[in-house]
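Note sheet for the following structure.
The values are calculated or read from the model by the stated rules, or taken from the named source; none is laboratory data. Since the model is a prediction, treat every value here as computed from it, not as a measurement. Note: ideal-geometry Cβ built from the backbone for every residue, glycine included; neighbour counts use all protein chains shown.
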Amino acid sequence: MLGTGLSSSNMRSLLIAFALPVMVLGSLGPARGNQWANCLYNNRSVDCRRTFLCPGAPCGVFRLEWKDGASDVFTRFKDGVARNVGFYKDTRGGEWMLRGFAGSFGLRNPANGNSIVYGMTLSECKQSMLDDFCSK
């Protein structure tokens, strides 16, 4: 076939042999998105993971689950001035400002001063554009 010397049935077998692992591995993609990440809660290091709760993008609702068992759902209620800023409410009614930076983000609750940094260690945070979330 096409000068390769392969018959159409051999070509079909090769395509199936290569396509099947790609389809199986590709279906694991979303599961890998829920792995534990370095996170900070008021500068205390504790792993967390984020799960988007919408069927498609963009998604303004996500769950943050902490490795110690606590979790909360954040729902976007207002856009920020910049594209990487938004305002979210948690399930208890707390309001948070979210600012994203290079795949990570910081959340700050101005009413109680609590802060969350997703995807960074304390030393990484202090050297990033999210340093105001971890400068206490």
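Values as computed for the structure displayed
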| read-out | value |
| --- | --- |
| Tally of residues being over 17 Å from LEU122 (Cα atoms) and either part of a strand (DSSP E or B) or outside the structural domain of VAL117 (by TED's automatic domain parsing) (or both) across segment 42-75 | 13 |
| Tally, over segment 65-95, of residues that are surrounded by 11 or more Cβ atoms within 10 Å (Cβ to Cβ), under 14 Å from LEU130 (Cβ atoms) and of a type outside the set (Val, Ile, Thr) | 1 |
| Matching residues in segment 66-85 - criterion: being out of contact with any Cys (no Cβ under 6 Å at 6 or more places or on another chain) and closer than 21 Å to ASN42 by Cβ | LYS67, ASP68, GLY69, ALA70, SER71, ASP72, VAL73, PHE74, VAL85 |
| Qualifying residue in segment 102-113 (condition: closer than 20 Å to TRP36 by Cβ and out of contact with any strand residue (DSSP E or B) (no Cβ under 8 Å at 6 or more places or on another chain)) | yes |
| Residues of segment 36-81 satisfying the condition of being farther than 18 Å from PHE101 by Cα, among the aliphatic types (A, V, I, L, M) and without any contact (Cβ under 8 Å) to a residue 12 or more places away in the chain | ALA57, ALA70 |
| Residues of segment 97-129 that turn out to be farther than 19 Å from ASP72 by Cβ, buried (at least 19 other Cβ atoms within 10 Å of the Cβ) and either among the charged types (D, E, K, R) or out of contact with any Cys (no Cβ under 9 Å at 6 or more places or on another chain) (or both), as a count | 0 |
